[in-house]
Amino acid sequence: MYKGINPLWLVLLVGLMPAFSWAQAVGGYAAGCQFDARALPASGTGFHVIRSSRERFYGQPTLINYLQALGKKVEQAQLPPMLVADIAMKRGGPFAYGHRSHQTGLDADIWLRTPPTQTSPRQLENVPAVDMVNHSLYILSPQFKDQQRQLIALAAQDPRVSRIFVHPLIKQAMCNTYGKAPWLNRLRPWFGHSSHFHVRLHCPPGDKHCEPQAKVAPGTGCGSELASWIKDKSGAISSGGARKPYRPVLPAQCQRWVAQKP
Ligand SMILES: [Zn+2]
């Protein structure tokens, strides 16, 4: 006799559902989108999200997992909680203003300053940036201390990291402290990264439509390449004025997806 579906099966099925995921990074870091993004919680072990009202706290599961794991390492090292700023929008795609990448849920900005003494949602919304470079003297400011070095080192050691963008003077300081550490080549000198560093993860394995960036050259990158960045200060001077909004051509899968409201 037919007795219908055993409710136990339903319970089991619903229990298994979160294990399935359609998460995917599509396209390039500066022309793409993301599917089934996860939100980084506002606070957790070793981190706080800042400027949450922008709703740029969505990333691919691998990045959210990376940030939460980094938070745990930060706490284990007895460093103050890190401040996580822009990740990506829920569907990814280009921001209305600000940086060009952060489109596929694989990029995240982490601030170098210590958190404010109070971490209420309002404080975390309005926390000002602290520049770690004295641009007129072209030296690191006294705020750049060992704890900043340790944070960058912890962030760079994870093999999921493709590269981390830091100001050339910060890369130089890391080279001076960590000598020949194999992860130093993931630290890429780039102007504009003096109050935060920008972590970029590799395409997650299996994301067929995710466009990887070229591998970084072997070696620490502490030699002549860094020297040329330090010498060339032209890019260090802010051009001032608003840049035109960046509107790249997105992959076909992204075009309608990004245009829809969340
Ligand atoms: Zn960034």
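The values are calculated or read from the model by the stated rules, or taken from the named source; none is laboratory data. Only a predicted model underlies this, so the values are computations on that prediction, with no experimental measurement involved. Every residue, glycine as well, gets a Cβ built from its backbone with ideal geometry; the counts of neighbours run over all protein chains shown. Surface accessibility is based on the protein's heavy atoms, side chains included, excluding ligands, DNA and RNA. Shrake-Rupley method; radii C 1.70, N 1.55, O 1.52, S 1.80 Å.
Of all DSSP beta bridges confined to the chain, the antiparallel ones make up roughly 75%. Helical runs (DSSP H, four residues minimum) scored at -39500 (n - 2.57) apiece and divided by the length of the chain put the mean residue ellipticity at 222 nm at -8000 deg cm²/dmol.
Converting phi to 3J(HN,Hα) with the Karplus coefficients 6.51, -1.76 and 1.60 and the offset θ = phi - 60°, segment 89-102 yields 6, 3, 9, x, x, x, 5, 5, 8, x, 5, 7, 8, 6 Hz in sequence order, with x at every glycine or proline. Hydrodynamic estimate: the Kirkwood radius of segment 81-134 over Cα pairs, inserted into Stokes-Einstein at 20 °C and 1.002 mPa s, corresponds to D of 169 µm²/s.
So what is the accessible area of the chain per residue, in Å², with the probe set to 1.4 Å?
On the way: 14450 Å² over 262 residues.
In whole numbers, the chain has 55 Å² accessible per residue.
Say R0 is 35 Å: what FRET efficiency, to the nearest 0.05, do Asp146 and Glu211 get from their beta-carbon distance? List each step's numbers first, then the result.
On the way: r = 37 Å, r/R0 = 1.05.
Working from the Cβ atoms, E equals 0.40.
Relative to the compact globular guide of 2.2 N^0.38 Å, what is the alpha carbon radius of gyration of the chain, as a ratio?
On the way: Rg = 20.2 Å, N = 262, 2.2 N^0.38 = 18.3 Å.
Compared with the compact-globule rule of thumb, the chain sits at 1.11.
Keeping the other protein chains in place, figure out the carbon and sulfur percent of the accessible area of the chain, with a 1.4 Å probe.
Working: 8360 of 14450 Å².
Within the chain, the accessible surface is 58 percent carbon and sulfur.
Going by average Cβ density within 10 Å per residue, which order do the peptides 177-187, 23-33, 204-214 take, highest to lowest?
Working: 177-187: 16.8, 23-33: 22.7, 204-214: 13.5.
Answer by packing, highest mean first, reads 23-33, 177-187, 204-214.
Entry note: segment 131-241 has Rg to Rh equal to 0.98, where both radii use alpha-carbon atoms and Rh is the Kirkwood radius.
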